[in-house]
Amino acid sequence: MPFLYVILNYIEKIRKIYNIHLFLFGLYFKTLNFEEERHINIAGAGPAGLTAAIVLAKHGYMARVYEMSPDVGHRMNVGFQGLENWSSDKDITVLLKDIGIDINFLCVPYYGGDIYAPGIAPLKIKSGKPIFYLVKRGAGGGSLDEGLKKQAIALGVEILFNRRIAPSPEEAVIMGTGPKTADFIAAGITFDTEMKDQAAVVFDDEIAPKGYAYLLVNNGCGTAATVIYNDCKNEKKYFDNMLEFFKNKRPFDIKNEKRFGGCGNFFIGDTQVYHNKIYIGEAAGFQDYLWGFGMRYAILSGYMAANSIISGLNYDLLWKKELKPILETSLVNRYLFEKFGNTGYRYLAKRFAKGDPGDFLKRNYNQSFLKNLLLPIAKSRYKQGTTL
Ligand SMILES: Cc1cc2nc3c(=O)[nH]c(=O)nc-3n(C[C@H](O)[C@H](O)[C@H](O)COP(=O)(O)OP(=O)(O)OC[C@H]3O[C@@H](n4cnc5c(N)ncnc54)[C@H](O)[C@@H]3O)c2cc1C
């Protein structure tokens with residue numbers, strides 16, 4: 001066995017020198033390159049990249065993160081986001097602890113809120129378990145990004161800010177660089193407020209075409225945004241409509257408001273190991289097609305990438321087993337949601353309010369016979385990322 005290892009190593013060195021891609025040995029080498037090196041370079045200090053760095057560092061690897069911005073969370077100065085807690089039975093905070101992530105950031109359970117659809121009065125929804133955990137994004141101030149950064153640094157991870165990774169085909173790298181293009185856009189504000197803690201969501205094509213608008217308030221800070229999947233060129237109109245809506249429908253006291261914008265990108269690729277690079281998070285298209293709740297997939301894929309290096313498991317097999325079914329279901333969900341008009345939005349709001357919204361979401365975020373039947377149609381409707 002050691003003899004075989006020496007031979008394979010030797011072949012691999014020659015392969016590296018001449019940059020030969022040996023397809024037959026591809027699966028093996030994808031792992032071997034990382035196993036050889038206890039130094040792992042990671043591009044992007046988002047939730048995906050930092051999770052990978054933390055898990056690797058805990059297993060004795062020297063992880064170095066290259067971040068093109070001056071600090072973590074630069075792309076994400078977007079106030080509050082929801083860490084979804086509906087797609088699996090295990091609570092997301094338990095899942096995070098299981099994979100080695102401490103909750104050293106603001107992480108507040110939200111059990112319900114108000115839901116609006118055109119032509120009906122707002123409905124109250126409430127679940128028996130947290131529907132999502134409110135987290136803050138951006139640099140500093142108890143944000144998820146800051147919390148992950150602190151954990152990584154405490155474990156000896158080196159984070160190089162204002163640095164892009166130098167592209168080198170031979171170098172083994174984990175790529176967690178976020179969206180490549182915009183499949184949806186978000187426009188919103190963060191603000192200070194006297195309003196009590198709350199959550200509200202709006203389905204209305206005049207405010208968020210084929211998407212939704214949301215209002216999140218926690219401890220004197222708020223975020224309101226519209227997430228747009230159609231007619232993105234009229235973003236300003238929908239942003240204004242969203243603000244007008246919240247001002248008219250709710251007590252809406254805001255101070256020190258700051259604008260933000262952002263985007264999301266989803267696709268399902270054939271492989272996420274390409275030219276010696278492992279792709280994670282939104283750089284791999286791991287994003288919820290339906291509503292853009294991508295943080296969970298970013299963190300889990302960062303963990304899987306690290307795990308594939310530590311344990312020698314094939315990363316493609318890992319994400320295809322754990323993430324692909326849920327990504328495909330979200331693709332079908334988006335296909336169906338886009339067929340909805342106001343009638344569909346009203347139906348959805350009522351379904352949320354009728355039973356436990358957490359259970360309703362869980363059922364619909366997981367595979368079913370009907371959704372599997374619809375998958376080929378949904379796939380033909382949306383582009384599938386087959387190349388990186
Ligand atoms: C407005 C908005 C609201 C959202 N709300 C939610 C929500 O409520 N719930 C949810 O789950 N998800 C939400 N999302 C999606 C979620 O934020 C993303 O899915 C998640 O941040 C993806 O994590 P990531 O680590 O893959 O990428 P990112 O968080 O984008 O991090 C990538 C990092 O890589 C850096 N980078 C890029 N290129 C390079 C390079 N070449 N070299 C070095 N560094 C590089 C970037 O600067 C960035 O810091 C929202 C997104 C937006 C835009």
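Cross-link pairs exceeding 21 Å in C-alpha to C-alpha distance, out of K97/K277; K150/K320; K210/K371; K321/K354; K180/K339; K129/K362, comprise K97/K277; K150/K320; K321/K354; K180/K339.
Provide V332, V65 in ascending order of the number of other Cβ atoms located within 10 Å of each residue's Cβ, fewest first.
Result, fewest neighbours first: V332, V65.
Computed from phi, the 3J(HN,Hα) profile of the range 106-116 under the Karplus parametrisation 6.51, -1.76, 1.60 (θ = phi - 60°) reads 4, 8, 10, x, 10, 9, x, x, 10, 10, 10 Hz, with x in place of Gly and Pro. The long axis of helix 369-381 is offset from the longest Cα principal axis of the chain by roughly 80 degrees.
Most exposed first by the Cβ proxy, i.e. fewest other Cβ within 10 Å, how do Y382, Y365, Y297, Y212 rank?
Y382, Y365, Y212, Y297
Label-to-label distance, F340 versus I377, with points set 7 angstrom from Cα along the beta-carbon direction: 1.7 nm. Residue exposure proxy: M62, M195, ordered by other Cβ atoms within 10 angstrom of their Cβ from fewest to most, comes out as M62, M195. Rounded to the nearest 5, the antiparallel percentage of DSSP beta bridges internal to the chain is 70%. All C-alpha pair distances within the chain, sorted into 20 Å bins from zero, spread as 28, 56, 15, 1 percent across the bins.
Couplings for the range 235-243, taken from phi via the Karplus curve 6.51 cos²θ - 1.76 cosθ + 1.60 with θ = phi - 60°, read 3, 4, 4, 6, 4, 4, 4, 5, 4 Hz in order; Gly and Pro are left as x. The Cα atoms of the range 198-271 define a convex hull whose projected area, averaged across directions, is 6.5 nm². Calculated over the range 78-169, the projected area of the Cα convex hull averaged across directions stands at 9.8 nm². Mean residue ellipticity at 222 nm, helices only, the chain: -12000 deg cm²/dmol; runs of at least 4 DSSP H residues each add -39,500 (n - 2.57), and the sum is divided by the number of residues. The distance from the alpha carbon centre of the range 309-343 to that of the range 223-275 is 22 Å, rounded to a whole number.
The phi torsions of the range 319-334, fed into the Karplus equation with coefficients 6.51, -1.76 and 1.60 and a -60° offset, translate into couplings of 6, 5, 6, 8, 9, 4, x, 6, 5, 5, 5, 5, 5, 5, 4, 5 Hz, rounded to whole numbers, with Gly and Pro shown as x.
No value in this document is a laboratory result; all are computed from the given coordinates. Everything numeric here is computed off the predicted structure, so don't read it as measured data. Neighbour counts are summed over all protein chains in view; Cβ atoms, including those assigned to glycine, are modelled from backbone coordinates with ideal geometry.
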